[in-house]
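Here's the structure, in structure tokens; my notes come after.
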Protein chains: 2
Amino acid sequence: MDKPLILICNDDGIDARGIHALACALDGLGELVVVAPESEQSAVGHSITMRDPVRAHPVAFEVPSGPIAAFAVTGTPADCIKLGCNRMLDRFPDLVVSGINQGPNTAVNVLYSGTVSAASEACILGLPAIAVSNCSWSADADFEIAGSFARQIAEKVLSKGLPAGVLLNVNVPATEAGDVKGIEITRQANARWEEEFSPRKDPFDRTYYWLTGRFVNLDDSGDNDLAAIDRGYVSVTPLQLDLTAYDHLDTLRSWNWESSAD
Amino acid sequence: MDKPLILICNDDGIDARGIHALACALDGLGELVVVAPESEQSAVGHSITMRDPVRAHPVAFEVPSGPIAAFAVTGTPADCIKLGCNRMLDRFPDLVVSGINQGPNTAVNVLYSGTVSAASEACILGLPAIAVSNCSWSADADFEIAGSFARQIAEKVLSKGLPAGVLLNVNVPATEAGDVKGIEITRQANARWEEEFSPRKDPFDRTYYWLTGRFVNLDDSGDNDLAAIDRGYVSVTPLQLDLTAYDHLDTLRSWNWESSAD
């Protein structure tokens, strides 16, 4: 097979350390092209830009083997994938890798994550896709460990493929290289944010709120993403984009529905 | 039981016709409180606002029985649910209803939909939630038919409840009242957008792009949301927020993973 074409994206923005670490880690695995947001787009969820136009401009981007094609986009991670696949690349990529995010994207956070939404958008387009997050929030977080796992997982996906409609969500624990115990295949944990809104007053005595909160793990089973990371494993969760609650179809059908509007 | 407390949200903005039609349709079913975006938030997906503060201000909102409490929020639909449940209401609501959206939220569009994300956010908080969309894009679309189905479905959910982690996504076909054939419980169709980016030049000769595209139904089974609507039925799809691709866990576990970083 020809050299695989690999599209790289993220949500922390094209200048973030994580996307550079990812591109460097994937260097040599194929032809790399970066299409990523111009600025940070965390927690944008699966937004797309429809009411405004989107712009893209080429930027310099170096990996160890030399410069690669890279474009900064004035839009969301999902926009980058759509625009990249339709305009920047001359064919659909063989693989899309999104990341490396600063901070975990586990449990219900996959719904808020721009990193995951880039991989989801690729999955919608029928492409094998991987989202990679580094669980460390530290400003000087090490991205090399996450990068080397991203490479291992990318190689597997290139050789074995993924079923249609399935993407991989990878979270690498914030530990030293020697402390990572390996890879675990996990479920999305059942957890949630218990929000608080911290009120402030502006100079005109009007209230505004900052979202804060505490992340609560409601899942005591061992095979979920949070548990694997806690034990020092890289968590790999296969995600699907068919949200149908199949187990509940029959119950709903048994409800006694009226056929008219009132 | 006390009068149920019902939180109403949408993504088209608090001044949209659809949210007024929804509140009017639910009038009398419980205590209604509206917490909705100040301005249109379509296609924001499951965004939350973290880098900026959020503001809310009370607005006038009338239903047939009189005025109800209503707040306009400078944020996304998910922000509205978080802020509403934590700050505007003195207890968690018994039901959250989001809509009525102008235009369908079917198939993979549930991922992009702000209407669905409001209901998803409620579901994350452990609340029964319904997203309602009117399939008509027409500026003078009739919202009464969708409203009366929203009321019927809200009554059912209040009396029967929903399992934890499951929300209902309702799409009402754009037909006359007498032409709606009833309610069908459906799956999320397998469909996607085939994007095009329409390029334009700004006055400085720089290119920008508008996202356009064609929605392609890849699903030829009869029990999906798109098919039900095409046949003139109201589609009710139970959605879940655990995205784990359970069927693929064993395959992934059988891959020959290396335990070290390289």
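Computed from the coordinates by the stated procedures, all read-outs in this text should not be read as laboratory data. Because the structure is predicted, anything quoted here is derived from the model rather than measured. Every residue, glycine as well, gets a Cβ built from its backbone with ideal geometry; the counts of neighbours run over all protein chains shown.
Quick check for me: using +1 on Lys/Arg Cβ and -1 on Asp/Glu Cβ, what's the dipole size of the protein assembly as shown about its Cα centre, in debye to the nearest 20?
Value, rounded to 20: 180 debye.
Give me the net charge for the shell around A:I68: Cβ to Cβ below 13 angstrom, other residues only, Lys and Arg +1, Asp and Glu -1. Spell out each step's value before the answer.
Values: positive: A:K3; negative: A:D27, A:E31, A:E62.
Every neighbour counted, the sum reads -2.
Determine, for each peptide in B:62-71, A:19-28, B:172-181, the mean count of other beta carbons within 10 angstrom over its residues, then list the peptides with the highest first.
A:19-28, B:172-181, B:62-71
I need the calculated FRET efficiency for the pair A:D220 and A:Y246, taking r as the beta carbon distance and R₀ as 35 Å, to the nearest 0.05.
Efficiency, from the Cβ-Cβ distance: 0.90.
Taking the Cα centre as origin and putting +1 on Lys and Arg beta-carbons and -1 on Asp and Glu beta-carbons, what dipole magnitude results for the range A:103-209, to the nearest 20 debye? Could you put the intermediate results ahead of the total?
Working: 9 positive and 13 negative charges, 81 e Å.
Dipole magnitude for the range A:103-209 comes out near 380 debye.
Only helical DSSP H runs with n ≥ 4 go in: add -39500 (n - 2.57) per run for chain B, normalise by residue count and round the 222 nm mean residue ellipticity to 500 deg cm²/dmol.
Mean residue ellipticity at 222 nm (helix-derived): -6500 deg cm²/dmol.
Take every residue in peptide A:188-197, count the Cβ atoms of other chains within 10 Å of its Cβ, and give the average of those counts.
The per-residue average across the peptide is 5.
Counting Lys and Arg as +1 and Asp and Glu as -1, each charge on the Cβ, what is the dipole of chain B about the Cα centre in debye, to the nearest 20?
Using Cβ point charges on Lys, Arg, Asp and Glu, chain B gives about 400 debye.
Just order B:251-258, A:81-88 by mean Cβ neighbour count inside 10 Å, highest at the front, would you?
A:81-88, B:251-258
When ranked by the protection proxy of mean other Cβ atoms within 10 Å per residue, highest first, what sequence do the peptides B:206-215, B:184-193 form? Before the final figure, lay out the partial values.
Details: B:206-215: 15.0, B:184-193: 22.3.
Packing proxy ranking, top to bottom: B:184-193, B:206-215.
Students often get this wrong, so check it: of A:K82/B:K82; B:K3/B:K160; B:K3/B:K82; A:K156/A:K181; A:K82/A:K156, which have C-alpha atoms separated by over 26 Å?
Over 26 Å apart, Cα to Cα: A:K82/B:K82.
Checking the a/c ratio against 1.5 first, then a/b against b/c, what shape does the Cα gyration tensor give for the range B:33-139?
It is rounded, given that a/c, with a ≥ b ≥ c, falls under 1.5.
For the range A:102-110, in order, what is each residue's ³J(HN,Hα) by Karplus, 6.51 cos²θ - 1.76 cosθ + 1.60 with θ = phi - 60°, in whole Hz (x at glycine and Pro)?
The phi angles translate into 8, x, x, 10, 10, 6, 5, 4, 4 Hz.
How crowded by other chains is A:157-168, given as the mean number of beta carbons from other chains within 10 Å of each beta carbon?
Taking the mean over all residues of the peptide, I get 3.
Which shape class applies to chain A: rounded if a/c is under 1.5, otherwise prolate when a/b exceeds b/c and oblate if not, where a ≥ b ≥ c are the square roots of the Cα gyration tensor eigenvalues?
Verdict is rounded for chain A.
Per residue of B:170-177, how many C-beta atoms from partner chains lie within 10 Å of its own C-beta, taken as a mean?
1
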